[in-house]
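Visitor: Could you have a look at this structure, given as structure tokens, before my questions?
The values are calculated or read from the model by the stated rules, or taken from the named source; none is laboratory data. Computed from a predicted structure; not experimentally measured. Counting neighbours? That spans all protein chains shown, and the Cβs are built from the backbone with ideal geometry, glycine included.
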Amino acid sequence: MRSARTRWGTGGGRCAPWYDGCAASGSSRRRERPHGPARAGACPVSGDPAGPAAVSSPPPLSLYVHLPWCLSKCPYCDFNSHALRGGAAEPPEARYLDALQADLEAALPAIWGRTVSTVFIGGGTPSLFSPEGIDRLLTMIRTRVRTAPDAEVTMEANPGTFEAQRFAACAQAGVTRLSIGVQSFSDDALRALGRVHDARQARAAIEEAARSFERYNIDLMYALPGQTPEAFGRDLASALAFAPPHLSLYHLTLEPGTPFAQHPPKLPDEDAAADMLALAEEMMGAHGLQRYEVSAWARPRFRCLHNLNYWEFGDYLGIGAGAHGKLSFHDGIVREARLRQPERYMQAALAGGDVLAERRTLTREEIPFEFMLNALRLTEGVPAAMFTERTGLPLAAIERERALAVERGLLDRDRWRLRPTPLGMRFLNDLLELFLK
């Protein structure tokens with residue numbers, strides 16, 4: 001029972017098949033209006049129409065926006081990202097923003113009267129869009145959706161796609177937090193990963209981000225081809241030298257259908273990967289970064305509020321090609337996924353058609369696992385009462401599984417919290433499987 005990572009996901013809201021591809025992930029981690037009149041030819045609803053018991057009040061609401069283009073597709077990536085074609089240097093920005101506006105406006109009845117507490121602009125590589133495009137996007141959101149005055153607005157960026165002053169311009173447009181996809185400070189490792197930037201560009205991007213944002217994140221990966229614990233330690237030391245307020249660390253996985261899965265590189269074994277993770281916990285703790293989620297470390301007050309809403313089984317509306325969403329209603333919890341292909345998505349949205357690829361109501365049997373899949377990623381877990389608040393189901397629905405997890409030392413005995421023990425975090429697969437029906 002040795003596990004340095006969880007196969008249920010690697011963070012960013014992208015941990016389950018329905019999550020944004022981000023986060024959600026994914027993704028990380030999606031358009032028929034969930035309630036109200038459906039459009040002609042709308043995607044049919046699947047799942048149990050009876051849904052769960054009524055949720056007493058809707059949870060916090062986030063907004064995820066997917067910008068799907070990249071300069072090139074990395075060989076390990078299974079997110080909904082698309083390389084620019086035909087020598088194009090830029091995505092079809094104006095047309096895609098028009099489609100996002102149509103998508104958002106059609107979805108408004110589903111979130112009417114609710115306040116958006118966080119916004120996450122993911123991809124793809126959102127930093128391929130111009131600061132003017134990001135400004136137009138955020139203005140479009142603010143003028144159509146009630147957003148909290150202190151809403152966290154995160155944008156993903158890659159070091160190979162920024163220019164001097166671009167980050168500052170995005171901050172002026174309303175982005176409050178930047179997530180930088182560094183992955184490694186080793187040029188050899190970056191080439192092996194198919195990244196378009198080098199270590200020099202990574203450092204320059206972080207320096208520029210630190211000048212423009214108080215809140216920013218550095219994404220790193222470990223267990224890379226040929227990587228040793230010593231090499232990983234040097235990578236992490238390079239990141240920590242910037243004293244970042246937040247750092248995300250992801251285990252490289254060979255996802256089905258990717259070039260890496262078809263032609264696997266030689267990766268470190270599980271023991272070496274576990275040693276890297278142990279080293280990460282030691283080094284980050286020494287630099288004042290606290291682990292609060294499977295893949296995330298932060299200084300006090302700098303946790304990612306958007307991802308926390310995912311892990312606490314909050315709601316999120318997802319717009320854009322391939323975006324996913326989860327929305328709670330009086331008669332059930334609905335998950336949605338939008339059309340993945342950008343061109344097909346734009347055509348449907350701009351024609352006023354249905355942009356949903358799938359929409360389904362979660363069954364009573366699915367909901368407990370979905371909740372625990374998220375909540376148990378958090379080192380502190382969640383209040384036990386949140387299970388009923390967010391699912392509409394009594395705690396008795398997971399009592400047998402909870403007792404078994406406590407008996408095996410994977411779940412804390414605290415009756416007021418659903419919290420994994422250190423052993424449960426280490427063997428998260430085994431803990432989650434207890435709740436899988």
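Visitor: For residues in the stretch 156-204 being in contact with a helix residue (DSSP H, G or I) (Cβ under 6 Å, 6 or more places away or on another chain) and of a type in the set (Asp, Glu), which is surrounded by the most Cβ atoms within 10 Å (Cβ to Cβ)?
Guide: Going through the qualifying residues, I end up with 156.
Visitor: From the list 318, 322, 288, exactly one residue is in contact with a Lys or Arg (Cβ under 9 Å, 6 or more places away or on another chain) and in the same structural domain as residue 113 (by TED's automatic domain parsing). Which is it? Outline the logic, then answer.
Guide: Numbers: 318 fails: in the same structural domain as residue 113 (by TED's automatic domain parsing); 322 fails: in the same structural domain as residue 113 (by TED's automatic domain parsing).
Just a single option satisfies the conditions, and that option is 288.
Visitor: Condition first: over 26 Å from residue 153 (Cβ atoms) and buried (at least 20 other Cβ atoms within 10 Å of the Cβ). Now tell me which residues in the stretch 278-304 satisfy that.
Guide: Residue satisfying the conditions is 280 alone.
Visitor: Something else: Filter the stretch 371-425 down to the residues that are charged (D, E, K, R) and crowded, with 21+ Cβ neighbours inside 10 Å and list them by number. It would help to see each step written out before you state the result.
Guide: Applying the first criterion (charged (D, E, K, R)) to the stretch 371-425 yields 377, 380, 389-390, 399-402, 407-408, 412-415, 417, 419.
377, 390, 402, listed by residue number.
Visitor: Condition first: over 13 Å from residue 324 (Cβ atoms) and not aliphatic (A, V, I, L, M). Now tell me which residues in the stretch 346-363 satisfy that.
Guide: The answer is 347, 352, 353, 354, 361, 363.
Visitor: Of all the helices (runs of 4 or more DSSP H) wholly in the stretch 325-437, which have at least 3 residues that are within 22 Å of the chain's Cα centre (by Cα) and at pLDDT 95 or above?
Guide: Numbers: elements: 342-350, 366-375, 385-391, 399-407, 422-426, 428-433.
Hits in the stretch 325-437: 366-375, 385-391, 428-433.
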